[in-house]
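Asks: Below you will find the structure I want to go over with you.
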Amino acid sequence: MPKAEKVAQVEDLKQKLDEASSLVLVDFLGLTAPEMVELRRGLRRQGVEFRVVKNTLTRLAAEQAGTTYLVSLLRGPNGVMFGSDNPAAPFKAAKEYARKYPKLEIKGGLFSGEPVSADEVNWYANLPSREELLSRLAGGLSGPMRGLAVALSGVIRKLAVALAEVQKQKASKE
């Protein structure tokens, strides 16, 4: 009979798997304690939750949540980076810290419930942020509007010049 504490851990992990918009599974074997502290602090600043998980409990939670892809990655010590607000945040953080700490190995992850291989994590990490995409959209929309405004002001300017010339001609005839 499973202990109530382990049942609660599985339920909590299942809830995290359900709520997370994306996650990355990493192997942290070989990182020192100060490196782990720095990793956790850095992830927290980026809005990413990091959890060290037990494989058996994670396997149960993944099967209950319907994310069986994770089960195949559960070998050795594992940490999970959960992202909820910004789906690309765990991927960007995983890539950043894997570059900083070569012993941190990216195993794979999930993006909106879809499996992501370790190679695809880098692709997701290179995606622009939501704010950057919105600014690109605004720039793309403002370009044609600015062109129209310049074209219309040119027409008005020509009309003003023509009216000024007509006024000069009438003034010279008088």
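Asks: Report yes if some residue within the range 125-142 is in contact (Cβ under 8 Å) with a residue 60 or more places away in the chain, surrounded by 10 or more Cβ atoms within 10 Å (Cβ to Cβ) and closer than 25 Å to Arg99 by Cα; otherwise report no.
Replies: There is no residue in the range 125-142 that is in contact (Cβ under 8 Å) with a residue 60 or more places away in the chain, surrounded by 10 or more Cβ atoms within 10 Å (Cβ to Cβ) and closer than 25 Å to Arg99 by Cα.
Asks: Where in the range 1-104 are there helices (runs of 4 or more DSSP H), lying wholly inside it, with at least 3 residues that are among the aliphatic types (A, V, I, L, M) and loosely packed, with under 15 Cβ neighbours inside 10 Å? Please lay out each step first, then the result.
Replies: On the way: elements: 4-19, 33-45, 55-65, 89-100.
In the range 1-104, the matching helices (runs of 4 or more DSSP H) lie at 4-19.
Asks: Please name all residue pairs, on different chains or six or more residues apart, with Cβ atoms under 9 Å, provided the first residue is in the range 46-57 and is closer than 14 Å to Asp85 by Cα and the second residue is modelled with pLDDT under 85 and surrounded by fewer than 16 Cβ atoms within 10 Å (Cβ to Cβ).
Replies: From the range 46-57, the pairs are Gly47/Asp85.
Asks: Would you say Lys54 is charged (D, E, K, R), farther than 22 Å from Asp12 by Cβ and assigned by TED's automatic domain parsing to the domain that holds Gln9?
Replies: no
Asks: From (1) in a helix (DSSP H, G or I); (2) within 17 Å of Leu73 (Cβ to Cβ), pick out the condition that doesn't hold for Glu131.
Replies: Of (1) in a helix (DSSP H, G or I); (2) within 17 Å of Leu73 (Cβ to Cβ), only one is false for Glu131: (2).
Asks: Here are some conditions: (1) basic (Lys, Arg); (2) without any contact (Cβ under 8 Å) to a residue 40 or more places away in the chain; (3) in the same structural domain as Gly47 (by TED's automatic domain parsing). Lys103 meets all but one. Which one does it not meet?
Replies: (2)
The values are calculated or read from the model by the stated rules, or taken from the named source; none is laboratory data. Nothing here was measured: the structure is a model prediction, and the numbers come from that model. Cβ: placed from backbone, ideal geometry, glycine included. Neighbour counts: every protein chain shown.
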